[in-house]
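Let me begin by presenting the structure, written as structure tokens, before commenting on it.
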Ligand code: GTP
């Protein structure tokens, strides 16, 4: 063991720019995985990840590299999730490294996410190596991409190397550059010999319990030690430590500079908080590693089984998902419209999507997800502060003094042609405020906005992609809570309030959105024997109204079936759910109507 010969690095890349392929090539060139296993890409193992081309969980790998200088280096490659919802996890993974490879697809150019992650790396004082990938592609444009990298993150054009992760060209040079320019962990070590280790990720294993992914900054750890997790001051006895080579491989100990795993009989993944510091019970450090943050859901939505009898199944499935996903939160809730279900908290929209998809795929549970909501902070006239995650629980407008909503900094990278459309989307359609614009290379501009997160979470991403023909990319980051003129709009069906249909909207758009919603509802609710008024109500008055005419005797109600796309079992469950009508007063409302808001915004 010689810490001078260790290199801890991370690869920063936008989705599909070739990170997985590069790691596979490195594993192959250093004979770290048997041929047989190379058939499948090694890094992305979850089925969903593969299909959606996104990395959800980071898995480190350790390789041994025989360098041209005659030394054998131990290189730990720490994979980072590539999406904005997981920014905090990315920052903690980067904190475990001394260097980062910034990998950019030469046929795509720099994307917003790449820039954000590079800034995170700079904040963590990492040595950054700029690399252009896919130079084997005929339509690649390495020179322009190099200029973009130079403009956006300031790396010298001469220092940016080119490679093809697919053919392997340039990969040897990259490895040489890593061992030459990335500092050894000795640079970050302290003179202190007390154990200080960073938790940068954790996973749950059925047999072993929680497996902590860690980077040791000082001291050492071995089997039998009693460790202390500093955030919550809990203690555990270590039953195994080891490295990722790339599968778990037990070792005698882990010492300063090393990356590895710890198993210590931890049952609940919430106990192993990403960003927390581990020390020894017997000889504890008193200084935690910097940067610890408790992860907090940004987006909430109701999750319902559609059919009451699947409630238990849904609960069990959520509990299973939660084993491996500390960021997911859920509490039971009951809504008069949807029945029994759960209020779930997510890190962001992608996280929400992943949970929904996994419930369908891995557990075959069809779920109904209500419109997502941010967390509003309200100051009541009584002086009390209240956090609201569910619009139907929003206090009435007359009892509220002030409302605050979360804002994000939004960066968009786009070819200049689409700038006008994007300005329009962000400022007119959404409530964003334009801040500045800058150039990146000759074909790209970077737009900066500040925008309410509520406006981002509906369909911003899809609209941005549509109006830029897929060329624009975005990234956002929470900044703060701001006072806002929001109001609660209540929907009345046949003069009765339907709580589950209430929503929060900005004053300036209250009328327009209400209009759309009452119209949509009158399409979705079937005719009855009597006329049904649908009204939107706010600040003591009706602001929009539409009417469902009474049923004429000769009209037969029609039932439409959906497309048959999913597995039969799932389909049947969904069908049962669709048929279900909720009786509100004397009116039957189909479940679809409760999701109307999702479709409007
Ligand atoms: P994530 O799933 O977000 O981690 O994507 P990724 O960055 O790991 O991308 P991945 O390695 O899955 O590569 C995306 C696509 O680009 C795949 O179809 C690869 O075969 C292809 N690809 C990667 N590197 C190269 C390269 O150097 N040349 C060519 N022609 N194709 C490449």
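Each value in this text was obtained by applying a stated rule to the coordinates, not by laboratory testing. Remember, it's a predicted structure, so these values are computed and weren't measured experimentally. Cβ sites come from the backbone with ideal geometry, for glycine too, and all protein chains shown count toward neighbours.
Using 0.36 nm per residue of separation minus the Cα-Cα distance, give me the extension gain between residue 547 and residue 250 in nm, one decimal.
Net length gain for the segment: 100.0 nm.
Tell me, how many Å apart are the Cα centres for the range 484-510 and for the range 194-230?
Spelled out, the Cα-based centre of one part sits 49 Å from the other.
Can you give the FRET efficiency for residue 309 and residue 362, using 1/(1 + (r/R0)^6), R0 = 25 Å, r = Cβ-Cβ distance, to the nearest 0.05?
Numbers: r = 20 Å, r/R0 = 0.79.
With a Förster radius of 25 Å, E is 0.80.
Please report the relative contact order for the range 335-462, taking Cα pairs under 8 Å with a sequence separation of at least 6, and give it as a percent rounded to a whole number.
20 percent
So how do 128-134, 390-396 stack up, highest first, on mean other-Cβ count within 10 Å?
Values: 128-134: 25.1, 390-396: 18.1.
Sorting 128-134, 390-396 by mean packing, highest first, produces 128-134, 390-396.
Could you work out the relative contact order of the chain, using alpha carbon pairs under 8 angstrom and six or more residues apart, expressed as a whole percent?
In percent, rounded to a whole number, it is 10.
Let me have the relative contact order for the range 144-232, percent, based on Cα pairs under 8 Å that are six or more residues apart.
On the way: 69 pairs, mean separation 16.2, N = 89.
The normalised contact order for the range 144-232 reaches 18 percent.
How far is it, in nm, from the label point at residue 67 to the one at residue 234 when both lie 7 Å from their Cα along the line to the Cβ?
Going from the residue 67 label point to the residue 234 one covers 4.0 nm.
Using only the alpha-carbon atoms, how far is helix 112-123 inclined from the longest principal axis of the chain? Give it as 0 to 90 degrees, nearest 10.
50 degrees
Relative to the first principal axis of the alpha-carbon coordinates of the chain, what is the inclination of helix 19-29, with its axis defined by its Cα atoms, in degrees from 0 to 90 and to the nearest 10?
So the inclination is approximately 30 degrees.
Using only the Cα atoms of the range 398-517, build the gyration tensor, take square roots of its eigenvalues as a ≥ b ≥ c, and label the shape rounded, prolate or oblate: rounded if a/c is under 1.5, else prolate if a/b is larger than b/c, else oblate. If you can, show how the numbers build up before the last one.
Working: a/c = 3.18, a/b = 1.99, b/c = 1.60.
Prolate is the answer for the range 398-517, as a/c is 1.5 or above and a/b outweighs b/c.
What nm distance separates the two modelled labels at residue 173 and residue 381, each placed 7 Å from Cα along Cα→Cβ?
It is 7.2 nm.
Helix-only estimate, please: 222 nm mean residue ellipticity of the chain, summing -39500 (n - 2.57) across DSSP H runs of length 4 or more and dividing by its residues, to the nearest 500. Intermediate results must be reported in sequence, preceding the final value.
Details: 16 runs with 147 residues, N = 601.
Dividing the helical sum by the residues of the chain leaves -7000 deg cm²/dmol.
Provide, for q = 0.07, 0.10, 0.12 Å⁻¹, the log10 of I(q)/I(0) from a solvent-free Debye sum over equal Cα point scatterers in the chain.
Calculated log10 I(q)/I(0) at the listed q: -0.50, -0.97, -1.28.
For the range 367-406 and the range 254-269, what is the separation of their Cα centres, given in Å?
40 Å
Assuming a ≥ b ≥ c are the square roots of the Cα gyration tensor eigenvalues, decide whether the range 363-405 counts as rounded (a/c under 1.5), prolate (otherwise, with a/b larger than b/c) or oblate.
In terms of gyration-tensor shape, prolate.
How tilted is helix 142-153 with respect to the longest principal axis of the chain? Cα atoms for both, answer in degrees (0 to 90, nearest 10).
Orientation of helix 142-153: about 80 degrees from the principal axis.
Could you tell me what percent of the DSSP beta bridges with both partners in the chain are antiparallel, to the nearest 5?
Working: 108 of 127 bridges.
Beta bridges within the chain, antiparallel portion: roughly 85 percent.
Kindly state, to the nearest 0.05, the FRET efficiency for residue 478 paired with residue 530, given R0 = 45 Å and r defined as their beta-carbon distance. Numbers along the way, then the final one.
Numbers: r = 48 Å, r/R0 = 1.06.
Efficiency, rounded to the nearest 0.05: 0.40.
Measure out, as a whole number of angstrom, how far apart the alpha-carbon centroids of the range 295-323 and the range 67-98 sit.
33 Å
Classify the range 457-507 as rounded, prolate or oblate, taking a ≥ b ≥ c as the square roots of the eigenvalues of its Cα gyration tensor: rounded when a/c is under 1.5, otherwise prolate if a/b is larger than b/c and oblate if not.
Details: a/c = 3.93, a/b = 1.82, b/c = 2.16.
Oblate.
Which translational diffusion coefficient, to the nearest whole µm²/s, is obtained for the range 222-306 from the Stokes-Einstein equation, given a Kirkwood hydrodynamic radius over C-alpha pairs, 10 °C and 1.306 mPa s?
Stokes-Einstein gives a translational diffusion coefficient of 107 µm²/s.
Can you tell me the Rg and the Dmax, both Å, for the Cα atoms in the range 205-252?
Taking only Cα atoms of the range 205-252, I get Rg and Dmax of 11.4, 31 Å.
Quick check on packing: order 100-106, 13-19 by the mean number of other C-beta atoms within 10 Å, highest mean leading. Present the calculation step by step, with values, prior to reporting the outcome.
Details: 100-106: 25.4, 13-19: 22.7.
Listed from highest to lowest mean packing, they are 100-106, 13-19.
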